[in-house]
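Q: The following block contains the structure, expressed as structure tokens.
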Amino acid sequence: MTISATATENGPGNETGPAPRLTVIGTGYLGATHAICMAVLGYDVLGVDVDPDKIERLASGEVPFFEPGLPELLAKALDSGRLRFTTSFAEAGAFGDVHFICVGTPQQKGSYAADLTYVDAAVTELARHIRGPALVVGKSTVPVGTAARLTELLHKTAPAGADAQLAWNPEFLREGYAVDDTLRPDRLVFGTTSAWAEERLRAAFAPVIAQGTPVVVTDLPTAELVKVAANSFLATKISYINAMAEVCEATGADVTGLATALSYDDRIGGRFLKPGLGFGGGCLPKDIRAFTHRAEELGVGQAVAFLREVDGINQRRRARTVDLVRELAGGALAGRRITALGAAFKPNSDDIRDAPALDVARTLHAAGAVVTVVDPAAVPNARRAYPELTYATDALAAAAGSDVVVLLTEWAQFREIDPHVMGDVVAHRRIVDGRHALDSVQWRTAGWDYRALGRP
Ligand code: UDX
């Protein structure tokens, strides 16, 4: 990777003064990636987590989740001596000049609101140990207004008082491309309340800024909103094309042709316009719900009421996929053998948070089908969460004797399956392509009954 060469040339600690020492609080998908990449860029980084197991694994060179390219960079960062891990907030407070808060903000149980327990705990614990000028930077996705509240909490709790400042720097990384998105982001957004905070952030991202990355400097609420506005837009785009798929189904039109035709309009573009089973994961679903909830609290619920429909369209895709499998299985699911290809919420990830694939598999199972879930990376996570399902890692072996195969996550391994070879092992050549990932002509030519949402 050429990035470390870039980092040395333009890197931290040049004419802008000594490079700030960084801590990263929370070492999940976001925090671990950020900590590792910042160390690779040349910063001294301390990763902090309350989970000793996670910290031990990272310190010994093991990335505790699936992310292409990250294990290699972790090895490199550890070798450089610039990356260390700890569970001690006292150590973090003493070490860091700039502290990044990267803990999760999941959906609250029984509510659409975001659960801010982890963010509040991280800022409180850290603040107790901040004794001199330091910048605390929120990266977690939070309801607008959280940063203002955390500023007060920080000033009140930190021995340094108002010398401990708060800034917001939303993170846009996609799982599966997290390394690239961190090292070469589309843009950096700095929500700040002082010139000093902006200068600290610029120093903390010097090598990234030196590549020409656009920097948007703004206030705290705008920075908080950028993230949810971006994710809402992406979710809306996906649900828009999936709404068109519903209309296509009622008219005999083909949503894949429709999407292709729309994509040539530069104003629309083809990205995030891929119809199918819809969005899932740890961000899009819970972010649009938390946004709706927060907007209602602020008295502007009507402005984002459409996001409830975006969510509704997305949920219907899951139900409709189950319907298609039932149709292909002859109208009933009880006792039918179903091979479900995919568990992760998208390919190149082992993340099963709000995974559409597992939602479909569980509904099929609940309806009495005998379901085997196949995934190259997410089986351990899926098995832990839903032990009632049967799991496999080899698609062909799992498909032996199958009544219906349903593609739910478009891993390359699944796209490359030879329909003739799989046709030889199944009981019936019936497939539902939940992600429009397969060549329908090729599968139909091989004798399969091929069905996909929004296509004749
Ligand atoms: C998303 C945002 O893209 C990222 O900027 C933000 O920081 C975190 O949330 P991520 O959750 O990793 O990233 O996944 P993403 O690649 O955005 O996909 C989200 C979901 O949408 C997946 O389930 C994917 O299968 C689905 N999707 C995506 C579609 O159904 N159709 C599309 O055209 C694109």
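Q: What FRET efficiency do you get for Thr445 and Asp254 if R0 is 25 Å and r is their Cβ-Cβ distance, rounded to the nearest 0.05? Provide the component values of the computation, followed by the final result.
A: Details: r = 18 Å, r/R0 = 0.71.
Approximately 0.90, to the nearest 0.05.
Q: Relative contact order (percent) for the chain, with alpha-carbon contacts under 8 angstrom and 6 or more residues of separation?
A: Relative contact order here is 12 percent.
Q: Still on this structure, I have one more. Can you tell me the Rg and Dmax of the range 298-456, counting just the alpha carbons, in angstroms?
A: Answer for the range 298-456, Rg first and Dmax second: 16.0, 59 Å.
Q: With the cut-off at 1.5 for a/c, could you classify the chain from its C-alpha gyration tensor as rounded, prolate or oblate? Intermediate results must be reported in sequence, preceding the final value.
A: Working: a/c = 2.10, a/b = 1.80, b/c = 1.16.
It comes out prolate by the Cα gyration axes.
Q: Mind checking the per residue accessible area of the chain for me, 1.4 Å probe, whole number of Å²? Write out the running numbers ahead of the final one.
A: Working: 18580 Å² over 456 residues.
About 41 Å² of surface per residue is accessible.
Q: At a 1.4 Å probe radius, carbon and sulfur cover how many percent of the accessible area of the range 229-310? Walk me through the intermediate numbers first.
A: Numbers: 2480 of 4000 Å².
Roughly 62 percent, rounded to a whole number.
Q: A further question follows. What is the helix-to-structure angle for 70-80, meaning the angle in degrees between its Cα long axis and the longest Cα principal axis of the chain, kept from 0 to 90 and rounded to the nearest 10?
A: So the inclination is approximately 20 degrees.
Q: Still on this structure, please answer the following. Can you give the % of DSSP beta bridges in the chain that are antiparallel, to the nearest 5? It would help to have the intermediate numbers written out before the result.
A: Values: 2 of 45 bridges.
Bridges in the chain that DSSP calls antiparallel: roughly 5 percent.
Q: Relative contact order for the range 16-218: what is it in percent, counting Cα pairs under 8 Å that are at least 6 residues apart? Kindly include the intermediate steps, with their values, before the conclusion.
A: Working: 402 pairs, mean separation 39.7, N = 203.
Taking the mean separation of contacting Cα pairs over the length of the range 16-218, I get 20 percent.
Q: Any idea how far the Cα center of the range 374-417 sits from the one of the range 82-107, in Å?
A: Cα centres, the range 374-417 to the range 82-107: 37 Å.
Q: How would His436, His129, His99 line up by accessible area, probe 1.4 Å, largest first?
A: Values: His436 25, His129 50, His99 0 Å².
Accessible-area ranking of His436, His129, His99, largest first: His129, His436, His99.
Q: Rank by packing, highest mean first: peptides 404-415, 216-227, with packing defined as the count of other Cβ atoms within 10 Å averaged across residues. Display every interim value, and only then the final one.
A: Numbers: 404-415: 23.8, 216-227: 18.3.
In decreasing order of mean packing, 404-415, 216-227 become 404-415, 216-227.
Q: Can you work out the PRE-style zone for Ser194? Point 7 Å along Cα to Cβ, and I want the residues of the range 90-107 with backbone N under 19 Å.
A: Only 93-101 pass the distance filter.
Q: May I ask for the Kirkwood hydrodynamic radius of the range 27-127, worked out over all distinct Cα pairs and given in angstroms to one decimal? Present the calculation step by step, with values, prior to reporting the outcome.
A: Working: mean 1/r = 0.0706 Å⁻¹.
Kirkwood hydrodynamic radius for the range 27-127: 14.2 Å.
Q: Now a separate question. If you place +1 on the Cβ of every Lys and Arg and -1 on the Cβ of every Asp and Glu, how big does the dipole about the Cα centre of the chain come out, in debye to the nearest 20?
A: Working: 45 positive and 54 negative charges, 154 e Å.
With Lys and Arg at +1 and Asp and Glu at -1, about 740 debye.
Q: Round to a whole number: what % of the accessible area of the range 16-218 belongs to carbon and sulfur, probe 1.4 Å?
A: Working: 4020 of 7660 Å².
Here carbon and sulfur together make up 52 percent of the probe-accessible area.
Q: Between helix 117-127 and the chain, what is the angle of the helix's C-alpha long axis to the longest principal axis, kept within 0 to 90° and rounded to the nearest 10?
A: For 117-127 against the chain, the angle is about 20 degrees.
The values are calculated or read from the model by the stated rules, or taken from the named source; none is laboratory data. Predicted model, so just to flag it, every value in this text is computed and none were measured. Note: ideal-geometry Cβ built from the backbone for every residue, glycine included; neighbour counts use all protein chains shown. Remember, those area values only see protein heavy atoms, side chains included, never the ligands or the DNA or RNA. Shrake-Rupley method; radii C 1.70, N 1.55, O 1.52, S 1.80 Å.
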